[in-house]
1. Please list, in order along region 47-62, the HN-Hα scalar couplings obtained from phi with the Karplus expression 6.51 cos²θ - 1.76 cosθ + 1.60 (θ = phi - 60°), rounded to whole Hz, x for Gly and Pro.
2. Identify the residues of region 35-49 with backbone N under 15 Å of a label point that sits 7 angstrom from the Cα of Q71 along the Cα-to-Cβ direction, or state none.
3. So if a site counts as exposed when it's one of the trypsin sites (Lys or Arg not before Pro), its DSSP state isn't H, G, I, E or B, and it has at most 14 other Cβ atoms within 10 Å, what's the longest stretch of the chain without one?
4. Which far-off residues, 5 or more places away or on another chain, put their amide H under 5 Å from the one on L47, with H placed in the peptide plane?
5. In degrees between 0 and 90, to the nearest 10, how far off the longest principal axis of the chain does helix 31-43 point, with axes built from Cα atoms?
6. Where the Cα atoms of the chain are projected onto their three principal axes, how long is each span, largest first, in whole Å?
Amino acid sequence: MLLGLLQTPASGYDLKAHFDQSVRFFWSAELSQVYPTLKRLESRGLLSSRVEKSNRGPRRKVYSLTAAGRQVLRDWVTGEPQFADVRQGFVGQIFFLHAAADLKESLRFVERLRQAVQERLNTYQRIDDAWSRGEPPYPDPGSDAGFHQRLALRGGLRLMAARLEWCDEMIAAIRRRMRRGRRVNSRKNSRLSTHRSRT
């Protein structure tokens, strides 16, 4: 991922800013992870670095792709699609939500999840709208970089829309189960009341 961001020379601080503006939506990284990775890539000959003056304070190290780095990047982007083992905590929470032993808690959780998904979808939509208007800092949508990055954004929009639909399905299913539970309890109470009246 860093090799892709370093198609334009940048410092570790610049790279973290790039992550926060765009890549963070599908690939997270802390600043403490960025610098060791840069050092490792440089030791492998995939990056070169130089020290430059900085307008913000101390001198900074700026990294650039080497020819070997560009080849590794090209091999990666044209290779087999990568399906990494991404941890999605909310899926695990839903998987074990029966531990709450309360459908009302299940409903509240999924409603909160839906709100979070809606907020992420709204964020993606705002980015897409701003990109359409050509606002900085988004790449020119007519450039090769802008074209492919916009494709990734559209994938994010579709994914969030699908998750929103999934949340609506879960909410409807939980409410149906709650109604069935009330009907079962009502029948049980009715039978118990009839039994008591006979005795």
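1. My calculation for region 47-62 gives 10, 10, 9, 9, 9, 10, 5, 10, 6, 9, x, x, 4, 10, 9, 10 Hz in order.
2. 44-47
3. Values: sites that count: R44, R56, R87, R133.
No qualifying site falls inside 134-199, the longest such stretch.
4. Excluding prolines and chain starts, which carry no amide H, the hits are E42, T66.
5. Value to nearest ten degrees: 40.
6. Cα spread of the chain along its principal axes, largest to smallest: 93, 39, 37 Å.
Read the figures in this text as sums done on the coordinates, not as results from a lab. The shown structure was predicted, so the numbers you read here are calculated from the model rather than taken from an experiment. Every residue, glycine among them, receives a Cβ derived from its backbone with ideal geometry; neighbour counts consider all protein chains shown.
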